[in-house]
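**Q** For reference, the structure I am asking about is given below.
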Amino acid sequence: MTVIDVQGLTKRYGRFTAVDGISFQVSRGEIFGFLGPNGVGKTSTIRILTGLSRASEGKCQVLGQEMTPDNRELRRRIGVVFEEPNLYARLSGRQNLEFYAALYGVPRSRGLELLEEFQLLQAGSKPVANYSKGMKQRLLICRALLNDPELLVLDEPTSGLDLASVELIRGRIRAFSEQGKTVFMSTHSLEEADELCHRVAFVNEGRIIAIGDPADLKLRYGQDYVQVDLIPVVPHERLQEVLNELKIVHFTQEGRVVSITIGNDHSLGSQIAALQRLGRILRIHSQEASLREVFKKVLGLGEKDGR
């Protein structure tokens, strides 16, 4: 079943085109990542998907219906968490959920269940103003899940959070997907997207420039590497001369140990042999391609630009 069907979606603000004719589909049970730098149309797309904004052109169907700001019935079937924590700070966490439970027409006990699930039951009686950023983010997700949505839309769900909150939220995202429900998420954490997402789309200047399974994208755009740690037995000048001749990706030295990263391709054997002549090899270990490398490649970023 197709949960999100976007065809030729365009959003203009005056003469500026924020979203430029993008098309993609998201299936039931899928975790779909929407990735890219700031200001490339991600937020505008999310606002259209959630009925907060109207498209200038194109089609945006969610759960089989056209999504528009007027379609309140459809909007009640989705849950949304924006990057900014729009909570009632003077109310407690429990009161925040009770307020929205009343709007959705769901039992107040649902809020208590979610507070317990997200480890906020003890803090539920305290004002949200006293919550940490991680606690506020968990409460936002509780609120988004109150109405038992079929689609969960997340904008930077774990940005700036402590490790415990990150792991808890990621675990709940996986569990939501395993229930056969769908997640559309925007994140700057490429590691998070690689870990969670079944498919990702890279966006730049309002257009989708690459889309697919993370593993397939890494095969298409990335390269595996090998790191060799050795203790040189040749003078520094000779070491540098040989390294300049090899396909060195990265080079560091800490004390006597030199760490050299080389591409894992057809020339790997000859490069390892050349390094063996330079000193005593301590260890060799592989490094898989990453979505960060894909990100740099599809956006045309150099090593300095991508840091």
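**Q** All but one of (1) out of contact with any strand residue (DSSP E or B) (no Cβ under 9 Å at 6 or more places or on another chain); (2) within 30 Å of residue 40 (Cβ to Cβ); (3) basic (Lys, Arg) hold for residue 220, so report the exception by its number.
**A** (1)
**Q** Scan the stretch 187-238 for residues that are over 30 Å from residue 282 (Cα atoms), in contact with a His (Cβ under 9 Å, 6 or more places away or on another chain) and either touching a residue at least 40 places away in the same chain (Cβ under 8 Å) or hydroxyl-bearing (Ser, Thr, Tyr) (or both) and jot them down.
**A** 214
**Q** Need pairs with beta-carbon distance below 6 Å; first residue without any contact (Cβ under 8 Å) to a residue 60 or more places away in the chain and within the stretch 111-129, second part of a strand (DSSP E or B) and of a type in the set (Gly, Ala, Ser); sequence gap 6+ or separate chains.
**A** 125/92; 126/92; 127/92
**Q** Can I ask one more? Just checking, does the stretch 7-17 include any residue being surrounded by 21 or more Cβ atoms within 10 Å (Cβ to Cβ) and either β-branched (Val, Ile, Thr) or in contact with a His (Cβ under 9 Å, 6 or more places away or on another chain) (or both)? Break it down into steps so the answer makes sense when it comes.
**A** Within the stretch 7-17, the subset surrounded by 21 or more Cβ atoms within 10 Å (Cβ to Cβ) is 9, 11.
Still in the list and also either β-branched (Val, Ile, Thr) or in contact with a His (Cβ under 9 Å, 6 or more places away or on another chain) (or both): none.
Among the residues of the stretch 7-17, not one is surrounded by 21 or more Cβ atoms within 10 Å (Cβ to Cβ) and either β-branched (Val, Ile, Thr) or in contact with a His (Cβ under 9 Å, 6 or more places away or on another chain) (or both), which makes the answer no.
Okay, residues lined up against (1) modelled with pLDDT of 95 or more; (2) on the phi < 0 side of the Ramachandran plot; (3) among the aliphatic types (A, V, I, L, M):
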residue	(1), (2), (3)
140	yes, yes, yes
156	no, no, no
162	no, yes, no
166	no, yes, yes
178	yes, yes, no
191	no, yes, no
195	no, yes, no
202	yes, yes, no
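**Q** Any idea which of (1) at pLDDT 95 or above; (2) surrounded by fewer than 21 Cβ atoms within 10 Å (Cβ to Cβ); (3) more than 19 Å from residue 179 (Cβ to Cβ) is the one residue 97 doesn't satisfy?
**A** Of everything listed in (1) at pLDDT 95 or above; (2) surrounded by fewer than 21 Cβ atoms within 10 Å (Cβ to Cβ); (3) more than 19 Å from residue 179 (Cβ to Cβ), residue 97 misses just condition (2).
**Q** Something else about it: So which residues in the stretch 77-134 are in contact with an Asp or Glu (Cβ under 8 Å, 6 or more places away or on another chain), of a type in the set (S, T, N, Q) and under 26 Å from residue 47 (Cα atoms)?
**A** Within the stretch 77-134, no residue meets the criteria.
The values are calculated or read from the model by the stated rules, or taken from the named source; none is laboratory data. The structure presented is a predicted model; accordingly, all values stated were derived computationally and were not measured. All Cβ positions, even for glycine, are placed from backbone atoms using ideal geometry, and neighbour counts span all protein chains on display.
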